[in-house]
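Down below is the structure, laid out as structure tokens.
The values are calculated or read from the model by the stated rules, or taken from the named source; none is laboratory data. Just so it is clear, the model here is predicted, and its values are computed rather than measured. As a convention, Cβ positions derive from the backbone with ideal geometry for all residues, glycine included, and neighbour counts pool all protein chains shown. Surface areas here come from the heavy atoms of the whole protein model, side chains and all, with no ligands, DNA or RNA. Shrake-Rupley method; radii C 1.70, N 1.55, O 1.52, S 1.80 Å.
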Amino acid sequence: MTETTYPPSADFKAKAHIDADTYASMYKASVDDPDAFWADHAKRIDWIKPFTKVKDVNFKFGEVSIKWFEDGTLNVAANCVDRHLATRADQTAIIWEPDDPKDDALHITYRDLHEQVGRMANVLKSLGIKRGDRVVIYLPMIPEAAYAMLACARIGAIHSIVFAGFSPDALGARVNGCDAKLVITADTAPRGGRKTKLKDNVNQALLHDTDDVKCLVVRRTGDQVAWRRDLDFWWHEEAEKVSADCPPEEMNAEDPLFILYTSGSTGQPKGVVHSSGGYLVFAAMTQQYTFDYHDGDIFWCTADVGWVTGHSYIIYGPLANGATTLMFEGVPTYPDAGRFWAVCEKHRVNQFYTAPTALRALMGQGNSFVEGYDLSSLKLLGTVGEPINPEAWNWYNDVVGQGRCPIVDTWWQTETGGHLITPLPGATATKPGSATLPFFGVQPVVLETESGKEITETEASGVLAIKDSWPGQMRTVWGDHDRFQATYFQQYKGYYFSGDGCRRDADGYYWITGRVDDVINVSGHRMGTAEVESALVAHAKVAEAAVVGYPHDIKGQGIYAYVTLMTGEDPTEELRKELSDWVRHEIGPIAKPDLIQWAPGLPKTRSGKIMRRILRKIAENEFDALGDTSTLADPSVVDQLIENRMNKG
Ligand code: 6R9
């Protein structure tokens, strides 16, 4: 089989920050002497007090501890805003493109941003928020989301963004999970021409044990909202009462910058904690090198700030670099499937970064939605969130990039803070479907799945782990360091375990094959099977549930739920719909099962463990590949499930 590779063009290479030789020598330096390498590259941000110690890391299970630049001090907001005032006060920091293309876009300069962040910071203070306090941000993609994040950073408060698509219950759990004192939200949020009642959701979320939590409300639409007297405040009213001048707090490099909840294989989502210094260095450096960002470029990452991609590549990375970053309130298919390309044309976007699921959905709508637009400003394309199938890669390359733009397929995670395996566009020949090679300082290894032995041959296949720390690595799980160690450092001793499987080819390129744990990747968003199961069994008519992923044309993976009903309950179509809506209500639309199959019994081992391997195969219609079923307590349940599957039961 011949493999197509796409080397950087001579033209791109000539202008790029990093070419192949520079990559090789810098990569070598970064792993030979990480202290010297990172001491040098950490200079890209402004330190109030310079660090004297670079790295202090222990990956040993039981003693895991990760520190970078630990005695240095800085302020992240000052790095993302203030320090650019001298040279680029009038440059646009954020281009905001609204949901409705008929509404005006905004161009927010660094000077504007400085003023708004200062005001928001003073409003937070006036509401009693102090250094170290947690603030939950539950906002749509509006500029106030950026102000809120940077205002927290300015006063040393820790933000925890909850994606605006999450339900009141999911929001409440996250507010509780970090004892937040304040929620920042909006009245209602337009998206794709529809509106979400965010403030109503907050009211529901805060009804119970969090009923003293304050709420700062941005007026986005002017829709009527229910007010909680003495606890709710309008942003536009509070902003008028304070000055725009708020001196940045001097923070330690290791002080948490934010918490971001993400799904794992067991239990409820965990609060991933990121640092101030190391995170910012890594987000900024990857933004510049992976996307080959140059001064004056217009950078667009289509993610939502509710996900880590939005944190690192809409806000912190680009703004630390003094970039112009585009923030889009809408969806790719509104008013039609040409919206992304209309926005690229309108704002002359230079680097465009999106998810494979969006590309697959748009590809299905036909090329006519792309072809009418002038995409000549595009220099580079990127993807993130899940493995990209070669068809989508080729479409992106040929139709969107018109064969001119390198594609960077960036592998990373909420936990990693920034890109770990990715092409550098002026250096790396790409292969459709491969995330290619490690970023500076990152040492990936492939381990044998069972034994955990490191495979030293170049060609390898197994689980993906990382040998040593990088500055953007998460530091702990909020309030639960044991869970942090157990999740990432217990199974494969001495390594950070990613939860992904992978293959390394003869050229040393990495091909991520997907999660090896019980995490499903739905449209690039992580969903724990345990979360969906616990939502299902919380329904009065459900006795037991097991959830697995299965291949889905657009979403990558869909959610397949096997449900055992309480005795006497009828497995009707209405109940199927009721259960789907129930999960949607409990967690949010992204968790809604795509398929629910009635399961009179679930395949279990004699010790009572559900054999998901078998359920996955049945969901994939691979009845011949079930493997050994002899260890099941009752092998006949499998035949019954297959029969139901074939009858679409
Ligand atoms: C940034 C982000 C992380 C999981 C990760 C992996 C999958 C992300 C990928 C990719 C193949 C890529 N993933 N990027 N798989 N190729 N380029 O997505 O973070 O939401 O935490 O998801 O996403 O399975 O483990 P997060």
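At what distance in angstrom do the alpha carbon centres of segment 406-425 and segment 245-308 lie from each other? Their Cα centres are 14 Å away from one another.
At full extension, T605 and A429 could sit 58.7 nm farther apart than now, given 0.36 nm per residue minus the alpha carbon distance. Each 5 Å bin from zero up to the one holding the largest Cα-Cα distance in segment 258-415 carries the following percent of pairs: 2, 9, 18, 22, 20, 14, 9, 5, 2, 0.
The alpha-carbon atoms of segment 244-288, seen along their principal axes, cover 43, 27, 21 angstrom, with the largest extent given first. Of all aspartates and glutamates in the structure, those lying under 19 Å Cα to Cα from K241, and not within fewer than 8 positions of it along the same chain, are D112, E115, E144, D230, D232. Quotient of the Cα radius of gyration of segment 68-215 and 2.2 N^0.38 Å, N being its number of residues: 1.11. For segment 547-578 versus segment 58-84, the spacing of their alpha-carbon centroids is 43 Å.
Quick check: from the Cα gyration tensor, does segment 232-344 come out rounded (a/c under 1.5), prolate or oblate? Judged from the Cα gyration tensor, segment 232-344 comes out rounded (a/c under 1.5). Length, then width, then depth: along the principal axes, the Cα atoms of the chain run 73, 63, 57 Å.
In order along segment 310-315, the Karplus-derived 3J(HN,Hα) couplings, from 6.51 cos²θ - 1.76 cosθ + 1.60 at θ = phi - 60°, round to x, 4, 7, 10, 9, 9 Hz, and Gly and Pro are given as x. Amide H to amide H distances under 5 Å link T436 with Y510, where only residues 5 or more positions off or on other chains count and H is placed in the peptide plane. Annotation: amide H of S461 within the under-5 Å range of R504, sequence separation 5 or more or interchain, hydrogens built in the peptide plane. Indicate, rounded to the nearest 5 percent, the antiparallel portion of the DSSP beta bridges found entirely in segment 170-322. Close to 55 percent. Couplings 3J(HN,Hα) for segment 341-356, derived from phi with the Karplus relation 6.51 cos²θ - 1.76 cosθ + 1.60 (θ = phi - 60°), are 6, 5, 5, 4, 5, 4, 9, 6, 5, 9, 10, 10, 10, 9, 10, x Hz, where x marks Gly and Pro. Using the Stokes-Einstein relation with a Kirkwood hydrodynamic radius computed over Cα pairs, the translational diffusion coefficient of segment 1-131 at 37 °C and a viscosity of 0.692 mPa s comes to 167 µm²/s.
For the set K379/K431; K60/K604; K102/K379; K15/K379; K541/K592; K431/K453, the pairs lying more than 23 angstrom apart at their alpha carbons are K60/K604; K102/K379; K431/K453. Other residues whose C-beta falls under 13 angstrom from the C-beta of L615 contribute a net charge of +2, scoring Lys and Arg +1 and Asp and Glu -1. Around the Cα centre of the chain, unit charges on the Cβ atoms of Lys, Arg, Asp and Glu (plus for the first two, minus for the last two) sum to a dipole of about 520 debye.
Counting charges near G494 (Lys, Arg +1; Asp, Glu -1) among other residues having Cβ under 9 Å from its Cβ returns a value of +3. For segment 317-407, the solvent-accessible area works out to 30 Å² per residue, with a probe of 1.4 Å and every protein chain left in place. Sorting the segments 394-400, 84-90 by their mean number of nearby beta carbons within 10 angstrom, highest to lowest, gives 394-400, 84-90.
Sorting 7-15, 407-415, 581-589 by average packing, meaning the other beta carbons within 10 Å per residue, from highest down gives 407-415, 581-589, 7-15.
In terms of packing, defined here as the mean over residues of other Cβ atoms within 10 angstrom, the peptides 536-546, 156-166, 233-243 line up highest first as 156-166, 536-546, 233-243. With all protein chains in place and a 1.4 Å probe, the accessible surface of segment 1-124 carries 51 percent carbon and sulfur. For the chain, relative contact order (Cα pairs under 8 Å, six or more residues apart, normalised by length) works out to 13 percent.
Placing dummy labels 7 Å off each Cα toward the beta-carbon, the span from E250 to D639 is 7.6 nm.
What you get for segment 199-240, charging only the Cβ of Lys and Arg (+1) and of Asp and Glu (-1), is a dipole of about 160 debye around the Cα centre. Averaging the Cα positions of each part gives two centres, and for segment 342-374 and segment 131-201 these lie 29 Å apart. In whole percent, and with a 1.4 Å probe on the protein chains, what portion of the accessible area of segment 156-219 is carbon and sulfur? Here carbon and sulfur together make up 43 percent of the probe-accessible area. The ratio of the alpha-carbon radius of gyration of segment 403-490 to the globular-protein estimate 2.2 N^0.38 Å is 1.25. Using a probe of 1.4 angstrom, how much of the accessible area of segment 426-547 is carbon and sulfur, in percent? Here it works out to 46 percent. Tell me the net charge near L362. Cut-off is 11 Å between Cβ atoms, L362 excluded, with +1 for each Lys or Arg and -1 for each Asp or Glu. Around L362, the surrounding residues sum to +1. Length, then width, then depth: along the principal axes, the Cα atoms of segment 395-445 run 33, 22, 15 Å.
Amide H contacts under 5 Å for D223: T188, restricted to partners 5 or more places along the chain or on a different chain, H placed in the peptide plane at 1.01 Å from N.
With θ taken as phi - 60° and the Karplus curve 6.51 cos²θ - 1.76 cosθ + 1.60 applied, the whole-hertz 3J(HN,Hα) list for segment 261-272 is 6, 9, 7, x, 7, 10, x, 7, x, 10, x, 6 Hz, x standing for glycine and proline.
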